[in-house]
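The values are calculated or read from the model by the stated rules, or taken from the named source; none is laboratory data. None of these values were measured; they are calculated from a predicted model. For neighbour counting, all protein chains shown are included, and Cβ atoms are generated from backbone atoms with ideal geometry for every residue, glycine included. In case anyone asks, the SASA skips ligands and DNA or RNA and just uses the protein heavy atoms, side chains included. Shrake-Rupley method; radii C 1.70, N 1.55, O 1.52, S 1.80 Å.
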Amino acid sequence: MKNLNERIKSQRRMRRKGKKVLPGILFMGVIIIFMMISVIQYNSRKMDGWIGGYIYSEFYPHNSGEIYYDTTYCITIWKHDNEYYATIEGSGWFLDTWELAYVSGDDQQIDIIAMQTLPGDRSFGICERYVKGEVLVHFERRGEELITEWEALRDQHPILTDRNDAIIGNYFEKVK
């Protein structure tokens, strides 16, 4: 009998302790949820500094040396539903590209990744200019500099397409 009374008392003490512990556990759960929401919001904002327009323009001589060709690339990056997208327009001598891309990265570097060829591109309706998921160009911030690494986008450039080495340098600038 004594054993049974001790068990009952022990169970009552446990229930009282449980009633005290449960609010603490709930409070910690709420804190953890708020922290997770903050991290998610921070991560979705960390690429906001990339939103905007970027341009690269180049003049290069024809083999005759008598005329110059102009090549211009415009990249516009925007955010929709916490995802980042870009359009890439290339125009100039033998260059009429128009591509929709996905942007992936962080506040220091991004990859602009091919999604689909858009109307206005001379390949639209015939074939996709780039393979879906292929990195077109890589941007990296180094202090005040914007460093460009040409990836698949170089294949459409009249001069860069002939080079086999990595093409990295100050090409694009952000339009203010």
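List of remarks:
- Residues (farther than 15 Å from G52 by Cα and either among the hydroxyl-bearing types (S, T, Y) or open to solvent by less than 50 Å² (accessible area, probe 1.4 Å) (or both)) located in segment 81-99: G90, S91, G92, L95, T97, E99
- Checking each residue in segment 65-112 for being of a type in the set (V, I, T) and assigned to a loop (DSSP other than H, G, I, E, B) picks out only I67.
- Number of residues in segment 100-114 that are among the aliphatic types (A, V, I, L, M) and open to solvent by 30 Å² or more (accessible area, probe 1.4 Å): the value is 2.
- Among (1) more than 16 Å from G53 (Cα to Cα); (2) open to solvent by less than 70 Å² (accessible area, probe 1.4 Å); (3) not aliphatic (A, V, I, L, M) - the single one P119 does not satisfy: (2)
- Within segment 132-176, the set of residues being of a type in the set (D, E, K, R) and either part of a helix (DSSP H, G or I) or modelled with pLDDT under 80 (or both) comprises R154, D155, D162, R163, D165, K176.
- Residue match in segment 54-64 (condition: loosely packed, with under 14 Cβ neighbours inside 10 Å, modelled with pLDDT of 75 or more, among the aromatic types (F, W, Y) and in a strand (DSSP E or B)): yes
- Restricting G90, G120 to residues that are more than 19 Å from the chain's Cα centre (by Cα) and at pLDDT 85 or above narrows the list to G90.
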